[in-house]
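The values are calculated or read from the model by the stated rules, or taken from the named source; none is laboratory data. Computed from a prediction, not measured in an experiment: that's the story for all the values here. Cβ placement follows ideal geometry from the backbone for every residue including glycine, while neighbour counts extend to all protein chains displayed. The accessibility values were calculated without ligands, DNA or RNA, using every heavy atom of the protein model including side chains. Shrake-Rupley method; radii C 1.70, N 1.55, O 1.52, S 1.80 Å.
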Amino acid sequence: VYTVYRGRWARVVPAPGEVLAAALWLSLITLLALLSKENGLLLLWALVVVELCFYQGVWGGRSSEALQRVTAVALCLPLLLIAGVFLLSPEWIQGLYDQRPFTLEQRLQTQGRVLWQYIGWMLTPLGPGAGLHHDDFAISGGWLQPATTVLAAVAWLACLVVALVLPRRWPMFAFCVLFYLVTQSMESSFLPLEMVYEHRAYLPATGLALGMAYLLHRLCSRFAPAWFAPLSLVLCLALGLSSLVRASAWADELMLATVNLQAHPESVRSVYHHANASLRYASRVEQDEQRQALLHAAVESYRRMHQMSPDNFTAPASLTYIAGRYQVGGHTQGYWFARLREAADRRVLQAEDLNALSMLVSCQLADICTLPAERMDELLAVVYARTRQRHYVDELRGRLLAARPGMEQQAAAAYRRAIDAAPGYAPAYYGLASLLNREQLGGEAVEVLRRLSARDGRRLQLAPLAYSLDFEL
């Protein structure tokens, strides 16, 4: 939309109504992009890049210095806003990293290398290191740890200087650099997100693809015009074939897990994905020999995960479940639960740890895990003191207490604490409503569900809520 309008305005001065129409369209599109994903807001910044590189302040057939200055200010404005946040509230930024195994400085240093790695994966989709999980990517411990940290930063700085100094001479190069960095700026800068994810490069890759197509066209036009079509076809076929190969691996969960593990043997998540996929398949197969092979593969992967990350809850919790349900693995439930309890004293809790606790509670309630009640209570008390997600732990407490005779009031109190701490946390409402209904307090149960409905403005809980209301009534 912007380029259609702007290309005409570069030749002819538009009427005010046409400028207003373009502004309304772009505002609507930006809003829709933002509602789709937060980094949709970067559309406005990307338009500034297009203006700087391709239109360069030309308006109605003449160069406008005022428009050039406005473009320069608009390009710098987001950076100035971020700098203002750092100056006014540095503790807020640092506090976001409390639940991460790396610091703000380490993230910023590492991202320079990560951004170059994305480009490498774009150019060689089947090259080494491509895959679903990249938690094995080495975090920079300083500008020389590893030395590629400073090399990556210097290379980006050089690209940025050329892009900003010579946009008139090399507009497509400037566009590729600036579009790539702008569209990566939200997910690959100071926010405490995961360090590496390939999907972050999908939109930035379009800028690189345009640059590659432009370069190929210019080279062929100058040296061998007849080669442009066949070379383009070869490139498309090569990239299409690589996509087909990757898609065939992604079509099967166990195959995907195996391929990822081969590509990233030092990735904790790849090891976990392989263990989890093997365990899932083991629960589906009918042949005992095949089931046992899958179970042993799952146990070995979970053990390796525990060796690689001893403080992670997922491996010992899963091995506790496997020991209880399938009686394989060489150790008892008590052994693995003891490893989990030791990790609880050291671990900076992550989301996957809370999920592992939920699985362990479900295992206990299903009588697959037969752990002493006091040990489960002790574990939850330690986790409660070490996490900000206390509503999550209170909901788990409520589930355990509700299953114990005579502990209904304590269970209801745990659910209510979870609701007070996180009024939008639906599982606590459902747990409390179920408990009240069991105690012949159906009216109070319905009122609890109505409270959840009143808070569910986006109607995300509509289907389970309708089912629960019907069940309670």
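A few remarks follow.
- Tallying residues that are open to solvent by 50 Å² or more (accessible area, probe 1.4 Å) and either under 14 Å from Trp116 (Cα atoms) or not in a helix (DSSP H, G or I) (or both) within the range 154-183 yields 8.
- Scanning the range 431-462 for residues that are open to solvent by less than 60 Å² (accessible area, probe 1.4 Å), assigned to a helix (DSSP H, G or I) and touching a Leu at 6+ places or on another chain (Cβ under 8 Å) yields Ala433, Gly442, Ala445, Val446, Val448, Leu449, Leu452, Ser453.
- Count of the range 322-369 residues which are over 21 Å from Ala282 (Cα atoms), open to solvent by less than 60 Å² (accessible area, probe 1.4 Å) and over 22 Å from the mean Cα position of the chain (by Cα): 9
- Against the list (1) over 18 Å from Thr206 (Cβ atoms); (2) open to solvent by less than 60 Å² (accessible area, probe 1.4 Å), the condition Val12 fails is (2).
- Test: Ala414 is open to solvent by less than 90 Å² (accessible area, probe 1.4 Å), part of a helix (DSSP H, G or I) and closer than 20 Å to Tyr384 by Cα: yes
- Residues in the range 211-227 include at least one that is surrounded by 15 or more Cβ atoms within 10 Å (Cβ to Cβ), touching a Phe, Trp or Tyr at 6+ places or on another chain (Cβ under 6 Å), of a type outside the set (Val, Ile, Thr) and at pLDDT 90 or above.
- Test result for Arg291, touching a helix residue (DSSP H, G or I) at 6+ places or on another chain (Cβ under 6 Å), at pLDDT 95 or above and of a type in the set (Lys, Arg): no
- The test for being more than 16 Å from Asp135 (Cα to Cα), at pLDDT below 90, within 24 Å of the chain's Cα centre (by Cα) and not aromatic (Phe, Trp, Tyr) does not hold for Leu88.
- Count of residues meeting criterion [of a type in the set (Gly, Ala, Ser), over 23 Å from Tyr180 (Cβ atoms) and exposed (fewer than 14 other Cβ atoms within 10 Å of the Cβ)] in the range 22-43: 2
- Of all residues making up the range 378-411, the number that are without any contact (Cβ under 8 Å) to a residue 24 or more places away in the chain, assigned to a helix (DSSP H, G or I) and open to solvent by less than 60 Å² (accessible area, probe 1.4 Å): 5
- Selection status of Gln290, farther than 30 Å from Trp121 by Cβ and among the polar types (S, T, N, Q): yes
- Counting only helices (runs of 4 or more DSSP H) wholly contained in the range 49-153, the ones carrying 3 or more residues that are crowded, with 18+ Cβ neighbours inside 10 Å occupy 104-123.
- Scanning the range 412-433 for residues that are of a type in the set (Phe, Trp, Tyr) and in contact (Cβ under 8 Å) with a residue 24 or more places away in the chain turns up Tyr425, Tyr430.
- Residue selected from the range 298-348 under the condition without any contact (Cβ under 8 Å) to a residue 24 or more places away in the chain and of a type in the set (Ser, Thr, Tyr), by the criterion nearest to Glu374 (Cα to Cα): Tyr335
- Verdict on Ala275 being under 30 Å from Gly129 (Cβ atoms), in a helix (DSSP H, G or I), in contact with a Lys or Arg (Cβ under 9 Å, 6 or more places away or on another chain) and at pLDDT 95 or above: yes
- Checking Gln327 against (1) among the polar types (S, T, N, Q); (2) assigned to a helix (DSSP H, G or I); (3) modelled with pLDDT under 90, the condition it does not meet: (2)
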